[in-house]
């Protein structure tokens, strides 16, 4: 496969149009009794009311790493990504070049009709059909002719708690079928990982949704999971819970896919606006997981008309790579084939060895 590269430009989303659509959908629900599947998708614009976890509480995505030891190669990893490069929000409100800013997802009921998906690389893709609604948004813009980015499509089945994700997705016949480079299906109630060496809709073989920053979490005052981020150069290796690499480079000073980072504990978050403090506290407690190749320290989130683009750019640009450190999570691993963690009272520093994967993407 070709290397999986995230676009390096910011993306935006239409706040006014989204707000109008949400209000109109809410009015339909209030006046029409039981909502149709299409109405349910429009109203459920977040996971706040979805009766599913995004993986169990003791999953590696959802456990704190603030007391884990610093990785022995932390300084090298940070330097390779950019000690003087700032953290950048790869999400927001408004539109940029015709597409939403961030990685959108859609929530569907369990009776959403599944549609066939043809895969360019079927050998590492979970076969369809996938319950993708015809109007599902695509990262970078569904109708945007300039959208040549990752074109992710994320679908959450809220009744069966199953996540469907596609990479480089293109609708056919008005959404009655789809073509994609790769795809993955995850049980949101399980700890299952991709088969060893397999990609997913993400370069690292990880679920994308688990690492997205969502506005309702910030509004609630707490984010309880790691965030997804990108780096310009990665090692031809991966570490748990990642399952795949996307590089030819073997320099051990480069971070492998799946490497966890966190904001240093002594970083003073009180200097920032309250909304940004919520994000920074999450970066200290749960950290970041390297999921794809792309721009330095770009963290991904879901589009939302409530994001204040200027605030997030201004404030997060005050956080630099030198304020972050790599974390050794090896003591948490119960099994290399499960995302479930071992709860450890006292962490002891240990060398984390990067694991080679099957082939580059």
Problem set entry | Gain on full stretching of the segment that runs from residue 249 to residue 343 - 0.36 nm per residue minus C-alpha separation | 30.5 nm
Seminar exercise, completed: In vacuo Debye sum over C-alpha of the stretch 15-332, base-10 log of normalised intensity I(q)/I(0) at q = 0.07, 0.12, 0.13 Å⁻¹, listed in q order, is -0.26, -0.80, -0.94
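Which whole-number percent gives the relative contact order of the stretch 186-273, counting Cα pairs below 8 Å spaced six or more residues apart? Please list the in-between numbers first.
Values: 111 pairs, mean separation 22.1, N = 88.
Reported as a whole number, the value is 25 percent.
If packing is taken as the average number of other Cβ atoms within 10 Å across a peptide's residues, how do 330-340, 90-100 rank, most packed first?
Working: 330-340: 16.9, 90-100: 21.8.
Order by mean packing, descending: 90-100, 330-340.
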Exercise. Just how far, in whole angstrom, is the stretch 236-268 from the stretch 152-207 if you go by their alpha carbon centroids?
Worked result: 22
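Quick check on the stretch 193-232: take the gyration tensor over C-alpha atoms, sort the square-rooted eigenvalues as a ≥ b ≥ c, and tell me if it's rounded (a/c under 1.5), prolate or oblate. List each step's numbers first, then the result.
Working: a/c = 3.43, a/b = 2.25, b/c = 1.52.
Taking the square roots of the gyration eigenvalues as a ≥ b ≥ c, the stretch 193-232 is prolate.
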Exercise. Based on the mean of other beta carbon atoms within 10 Å per residue, what is the order of 294-306, 76-88, most packed first?
Worked result: 294-306, 76-88
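Quick one: length gained pulling residue 173 to residue 67 fully straight, 0.36 nm per residue minus the C-alpha distance? Write down the numbers at each step before the final one.
Working: separation 106, 0.36 × 106 = 38.16 nm, distance 5.14 nm.
This chain segment gains 33.0 nm when fully extended.
Each value in this text was obtained by applying a stated rule to the coordinates, not by laboratory testing. Please read all numbers here as calculations on a predicted model, not as lab measurements. A quick note on method: Cβ atoms are made from the backbone with ideal geometry, for glycine too, and the neighbour counts reach across all protein chains shown.
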